[in-house]
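All of the numbers you see were taken from the coordinates with simple rules; none came from a lab. Everything numeric here is computed off the predicted structure, so don't read it as measured data. Cβ sites come from the backbone with ideal geometry, for glycine too, and all protein chains shown count toward neighbours.
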Amino acid sequence: MKEFINYFKFFPITVFLLVARYGSFTDLAWYNAFVAAAITALCINSFLLTQDIILDRFALGLNLFLIIGGLAFSFDIRPILYFYGNYKAASFFANMAVIGIITTLFSPYGFIGVKSSDKKLIQTTSMQLLCFTFIALAASYFLNSYSLFVSGALPFITLRFAREPLAQKVT
């Protein structure tokens, strides 16, 4: 079941990309992609919350990005649509930072998402990961004029690699 969940948690982004691609990346395709992915993310997260697992914080950030995008398109929330349209990758990292703040403050596993009896270490590593997330957000914002790979994928990969030694420190 765990292997299934590892792939299942990223299904909303797959829906998003498939719908956008199928629609030839038109304005209507982006609308449909965000709405379909938001509904998928809500359903999948509802299911995952019923499981006895620690939710992947990066998947939560990605799903929050899709849900807020879906709401913005559905209710024509212009400031969010503007931010998403002009700062594509940075809008993802902004959602990741929101997840980071919420989980650091309110989850026993913190933003780092690791089970440990050392709550202080969880808080410390979660704050470090949150700092890395804000650095990724800033980098993405300032690299926005470059390709999505440079402004989004590189900071995300770097953030993912930054998490691993922090998570290992906790376990």
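Tabulated results
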{"read-out": "Diffusion coefficient, µm² s⁻¹, Stokes-Einstein with Kirkwood Rh over alpha-carbon pairs of the chain at 37 °C and 0.692 mPa s", "value": "198 µm²/s"}
{"read-out": "Computed over the stretch 87-171, Cα set: Rg, Dmax in Å", "value": "13.2, 44"}
{"read-out": "Max mean-square fluctuation residue, GNM over the chain, Cα-Cα springs under 10 Å, options 26, 124, 104", "value": "26"}
{"read-out": "For the stretch 87-171: relative contact order, % (alpha-carbon pairs under 8 angstrom, 6 or more apart)", "value": "36 percent"}
{"read-out": "Cβ-based exposure ranking for 163, 21, 57, in which fewest neighbours within 10 Å come first", "value": "21, 163, 57"}
{"read-out": "Computed lengthening from residue 153 to residue 2, 0.36 nm per intervening residue step minus Cα-Cα distance", "value": "51.8 nm"}
{"read-out": "Rg/Rg_ref, the stretch 92-139, where Rg_ref = 2.2 N^0.38 Å and atoms are Cα", "value": "1.08"}
{"read-out": "Relative pair counts by distance (%), Cα atoms of the stretch 13-73, 10 Å bins", "value": "25, 49, 21, 5"}
{"read-out": "Formal net charge of residues neighbouring residue 61 (Cβ-Cβ distance under 15 Å; K, R +1; D, E -1)", "value": "+4"}
{"read-out": "Helix-derived mean residue ellipticity, 222 nm - over the chain, DSSP H n ≥ 4, -39500 (n - 2.57), to 500", "value": "-25000 deg cm²/dmol"}
{"read-out": "Relative contact order computed over the chain (Cα-Cα under 8 Å; 6+ residues apart), in percent", "value": "17 percent"}
{"read-out": "Label point distance in nm, residue 127-residue 76, each placed 7 Å from Cα along Cα→Cβ", "value": "4.5 nm"}
{"read-out": "Helix runs (DSSP H) in the chain reaching 15 Å along axis by Cα, Kyte-Doolittle at least 0.0", "value": "11-22, 27-49, 57-74, 88-106, 119-142, 154-170"}
{"read-out": "Volume in Å³ per residue [convex hull over Cα atoms, computed for the stretch 37-109]", "value": "86 Å³"}
{"read-out": "GNM top mover of 14, 40, 103 - the chain, alpha-carbon springs below 10 Å", "value": "14"}
{"read-out": "Sequence-separation-based contact order of the stretch 68-133, relative, with Cα cut under 8 Å and 6+ spacing, percent", "value": "22 percent"}
{"read-out": "Inter-label distance for residue 29 and residue 167, nm, one decimal - labels placed 7 Å from Cα along Cα-to-Cβ", "value": "3.3 nm"}
